[in-house]
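Computed from the coordinates by the stated procedures, all read-outs in this text should not be read as laboratory data. Note that the structure is a prediction, hence the values are computed from the model and not measured. Here the Cβ positions follow ideal geometry from the backbone for every residue, glycine too, while neighbour counts run over all protein chains shown.
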Amino acid sequence: MAIAYIALGSNLNTPVEQLNTALQTMANLPHTTLLAQSSFYQSKPLGPQDQPDYVNAVACLETTLAPLELLDALQKIENEQGRVRLRRWGERTLDLDILLYDNLVMQSERLTIPHYDMHNREFVIVPLFEIAPDLALPNGQKISDQYEKFKKHQMNVCN
């Protein structure tokens, strides 16, 4: 069994409901258990600012799915919930990203683990720290050290 951390985000079609549905669907994936989920945080868009604020969270899964199998399952959830990719960092009904998968370091055409830019995103680090404050990244860096630069964040908890 592997431990995977998944970032969730939505800013269209009732985002809180989108995240709740995604969490429920992830919990029902074969050979997968939802171990923890963070609070939901409202955040400004990372990309174009002419879109609604996001609702973000992080979930912790225990799974026997291999990383690419997990990616396929997450992309299926996104598609089932109406995900359409119109522009980079644009609005979306649902975005599910694998942040970490055990201590795996992987880079392929489809998937990079750890997530390539997670350390720069307060909407990832803050909820990740909430559910795994003692977590260490594959490079040995502690998530608590990453959290230090975001602990004065302005995100609102919205669930």
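Data overview
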{"quantity": "Diffusion coefficient, µm² s⁻¹, Stokes-Einstein with Kirkwood Rh over alpha-carbon pairs of region 45-102 at 4 °C and 1.567 mPa s", "calculated": "100 µm²/s"}
{"quantity": "Virtual paramagnetic centre 7 Å along Cα→Cβ of ILE3, amide N under 16 Å, in region 19-52", "calculated": "33-38"}
{"quantity": "Calculated Rg and Dmax of the chain using C-alpha coordinates, Å", "calculated": "14.5, 41"}
{"quantity": "Neighbour count of at most 15 Cβ within 10 Å plus DSSP loop: longest trypsin sites (Lys or Arg not before Pro)-free window in the chain", "calculated": "1-84"}
{"quantity": "Theoretical ellipticity at 222 nm over the chain - DSSP helices of four or more residues, -39500 (n - 2.57) apiece, nearest 500", "calculated": "-8000 deg cm²/dmol"}
{"quantity": "Theoretical FRET efficiency, 1/(1+(r/R0)^6), r = Cβ-Cβ of ASP102 and HIS153, R0 25 Å, to 0.05", "calculated": "0.35"}
{"quantity": "27 Å Cα-Cα threshold exceeded, pairs from LYS44/LYS142; LYS44/LYS152; LYS76/LYS142", "calculated": "LYS76/LYS142"}
